[in-house]
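Each remark here refers to the structure printed beneath this line.
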Amino acid sequence: MAQKVKPNAFRLGITLPWSSRWFFKPSLKFFVEEDYLIRDIVKKKLSQAGVVSVDIERTGDRVRVNICSSRPGLVIGRGGEGVETLRRAIMTAMQKLRREKKIPTKFTLGVNIEELKRTEVSAAVTAQQIVADIEKRQPYRRIMKRQMETVMQNREGADAAPDAPREHRLRGRFRALLVWRDRHKGMDLQRRYF
């Protein structure tokens, strides 16, 4: 069996920034646990908002959570209500965890929402759109073709030559998986059988 390594591990600090930025302190284990808690809350509360990344910065007693989303309007809500409810939910969960671990509960929390300018470049947003469409019981072939075409229209997406997700059993039976490639490179539809 081969050892599998997350590809981001090779790129951290070189081409990709760290998703958690804070200095080592004696409470390293607690900070990792708290970061996981924050990301879990954001994932549960904002599942439909197209969240791409959650970056956490700590300086002294300040904790700043930067959320990059393809639909910032859903996150912010009417008059900023969504951000406040998310901030309160994160704050109460963090205070509860800090009380359990007997760590000082005095801190300030800031939540920033950033808009993802080009959603067709992000693989996470594309995957979330595919999942949402499949859950709405739309024909999966049409969904795949539409998503592939939108990704291929973009120059950066065309260079990546996207493959369809390898769900081998759609609709309960084995199917040939259509893989779309850039037609400008002289490649047509290819069939891959699994």
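Give me the pairs: first residue in region 30-46 and assigned by TED's automatic domain parsing to the domain that holds LYS102 and free of Cβ contacts under 8 Å to residues at least 24 places away in the same chain, second residue surrounded by fewer than 18 Cβ atoms within 10 Å (Cβ to Cβ) and assigned to a loop (DSSP other than H, G, I, E, B), beta-carbon distance under 9 Å, and six or more apart or on different chains, which are they?
These pairs meet every condition: ASP35/SER19; ASP35/TRP22; ARG39/SER19.
Mind listing whichever residues of region 23-60 are more than 21 Å from THR126 (Cβ to Cβ), of a type in the set (A, V, I, L, M, F, W, C) and at pLDDT 85 or above?
Answer for region 23-60, where residues must be more than 21 Å from THR126 (Cβ to Cβ), of a type in the set (A, V, I, L, M, F, W, C) and at pLDDT 85 or above: PHE30, PHE31, VAL32, LEU37, ILE38, ILE41, ILE56.
Is it the case that GLU57 is in the same structural domain as LYS25 (by TED's automatic domain parsing) and under 26 Å from GLN129 (Cβ atoms)?
no
Kindly check whether there is at least one residue in region 96-116 that is out of contact with any Ser or Thr (no Cβ under 7 Å at 6 or more places or on another chain) and modelled with pLDDT under 85.
yes
Residue check: is ARG146 at pLDDT 75 or above, surrounded by 11 or more Cβ atoms within 10 Å (Cβ to Cβ) and outside the structural domain of GLY77 (by TED's automatic domain parsing)? Can you show your working first?
Working: at pLDDT 75 or above: yes; surrounded by 11 or more Cβ atoms within 10 Å (Cβ to Cβ): yes; outside the structural domain of GLY77 (by TED's automatic domain parsing): yes.
When the stated conditions are applied, ARG146 passes them.
Please tell me if LEU37 is within 15 Å of the chain's Cα centre (by Cα), of a type in the set (A, V, I, L, M) and surrounded by 11 or more Cβ atoms within 10 Å (Cβ to Cβ).
no
At least 2 residues that are acidic (Asp, Glu) in each: list the helices (runs of 4 or more DSSP H) lying fully within region 25-110 that qualify. Show your work before the answer.
On the way: elements: 28-45, 72-76, 81-101.
Passing ranges, in order: 28-45, 81-101.
Could you tell me whether region 75-91 includes any residue that is free of Cβ contacts under 8 Å to residues at least 40 places away in the same chain, within 17 Å of the chain's Cα centre (by Cα) and over 26 Å from LYS29 (Cβ atoms)?
The answer is yes; a qualifying residue exists.
Closer than 17 Å to LEU109 by Cα and of a type in the set (S, T, N, Q): which single residue out of GLN3, GLN95 fits that description?
Only one candidate passes the filter, namely GLN95.
Do we have PRO139 as of a type outside the set (Asp, Glu) and modelled with pLDDT under 85 here?
No; evaluated as a whole, the condition is false for this residue.
The values are calculated or read from the model by the stated rules, or taken from the named source; none is laboratory data. Computed from a predicted model, the values in this text were never measured in an experiment. Every residue, glycine as well, gets a Cβ built from its backbone with ideal geometry; the counts of neighbours run over all protein chains shown.
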